[in-house]
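**Q** Have a look at this one before I ask anything.
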Amino acid sequence: MPLRRPKSNKNPPIFSHEFVIQNHADIVSCIAMVFIIGLMFAATNPIAILFVALQHNYTMDATEEGGDVGPTLYSYGKRDFFTGFFYFLIVIVVHAVIQEYLLDKINRRMHLSKVKHSKFNESGQLMLFYAASAGWGVDILVREGQMTSISSLWEGYPHVFMPFILKFYFICQLAYWVHCFPELYFNKIKKEEMFGRIQYASLYLIFIAAAYALNLTKIALCLLVIHYTVEFIFHLSRLLYFSEKTDLANTGFMVWKMLFVLVRLGSITLGVLTFWYGLEQVESSETSYTEGDFNTKVVRINCLAALCLLQAWMMWNFITFHLRRARESAQSAPIKKPLGSTFKKKTEKKSKGDGDNSDENSGVETSQENGSVRQRSPRSK
């Protein structure tokens, strides 16, 4: 079903920028339907299945005697680009549906300014994504038994084979952060807001793709879950602030500040335990691309350094932001004047006014509104 669009007197020309922006969700959904319909025909099924279904699957033997079929596990490869492209289209459609049927309806009731309107939409989209990703990640951690054993982050490395749910999770993560770039065009984001959005989307994409390629999905999943939880609280508090629910928003921001610092320390701790102590026990002398083993000293140190630098950079931005806010609030605070000086000025003004009454017949009229002096002739008797 096509998405509803606001009525306008002039329809933009086909294939123009405005036409693509207004109808991008319908266009993308039609492209995605081509792959779905391709599954129904024998001639196009082998091609369509590359986009829709997860690739690089391997069936494990459960037992040698009975010959039972074991669970199907997945690795990564070049065909993941086809699958990622399809779910990239799906994410764009879901983004448009949430924007039109949820966020736009709330915005019409709140009557926000253009700046707050853009930030409200950003926080609304990210809050839902962070909530879904954090909940989904916790479910995977419970299923895989990583909540009870921290040693599972490095035991059995390289973690080449992944269950279906774990691989699908990372495919969706990569698809979401890639879709943030065309959304800058579809949502007409201003130039001053583009840099920040491109920056955090690029960082997410680089680190998640690196963890996926280096078979570090287990440690990446743990880090994403705790980070997404804190970011969810931040954007929820931001939405409450825009909704003028100040008390709840201040409470949420206070919780976010405390958890933000703890998560930064927790992320560094997990990184040190995994890369410095855990993976060192099964360290390899050289990298093996065929076996997916990247556990060399150089790779481990670079991964740990990148993780620590990222946490330090985020903490630095956090501190500088709050210091700047404190400085601005101190400068904007009204300066209290002594009571004696105020009384003295009022007395001087009153005495000055009494002295001016003697010049009432001088024919001079002072205009306080225009700051000018006009002269008039005295009235005739």
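Quick note: the coordinates plus some simple rules give every number you see, no bench work behind them. Note that the structure is predicted; figures quoted are calculated from it, not measured. Every residue, glycine as well, gets a Cβ built from its backbone with ideal geometry; the counts of neighbours run over all protein chains shown.
**Q** Can you work out the FRET efficiency for the pair Glu280 and Ala53, with r the C-beta to C-beta distance and R0 = 51 Å, to the nearest 0.05?
**A** 0.85
**Q** Right, here's the next one. Once the convex hull of the alpha carbons of the stretch 102-145 is built, what does its volume come to per residue, in cubic angstrom?
**A** Details: hull volume 2.4 nm³, N = 44.
Dividing the Cα hull volume of the stretch 102-145 by its residues yields 55 Å³.
**Q** Could you sort out which of Lys78/Lys218; Lys119/Lys257; Lys114/Lys191; Lys167/Lys190 sit more than 25 Å apart by Cα distance in this structure?
**A** From Lys78/Lys218; Lys119/Lys257; Lys114/Lys191; Lys167/Lys190, over 25 Å: Lys167/Lys190.
**Q** Counting other beta carbons within 10 Å of each residue's own, what order do Thr290, Thr72 fall into, fewest first? Please list the in-between numbers first.
**A** Working: Thr290 5, Thr72 13.
The fewest-first ordering by Cβ neighbours comes to Thr290, Thr72.
**Q** Would you list Tyr58, Tyr87 from fewest to most Cβ contacts within 10 Å?
**A** Ascending number of Cβ neighbours within 10 Å: Tyr58, Tyr87.
**Q** Once fully extended, how much extra length lies between Asp26 and Lys297, figured as 0.36 nm per residue of separation less the alpha-carbon to alpha-carbon distance?
**A** Length gained between Asp26 and Lys297: 92.6 nm.
**Q** Going by average Cβ neighbours within 10 Å, how do the peptides 263-276, 301-314 rank, with the highest at the top? Mind dumping the intermediate values first?
**A** Working: 263-276: 17.4, 301-314: 15.3.
Taking the mean over residues of other Cβ atoms within 10 Å, the ranking is 263-276, 301-314.
**Q** Let me ask something else. Quick one: order Lys119, Lys114, Lys218, Lys245 by neighbouring beta-carbon count within 10 Å, fewest to most.
**A** With the fewest neighbours first, Lys119, Lys114, Lys218, Lys245 line up as Lys114, Lys245, Lys119, Lys218.
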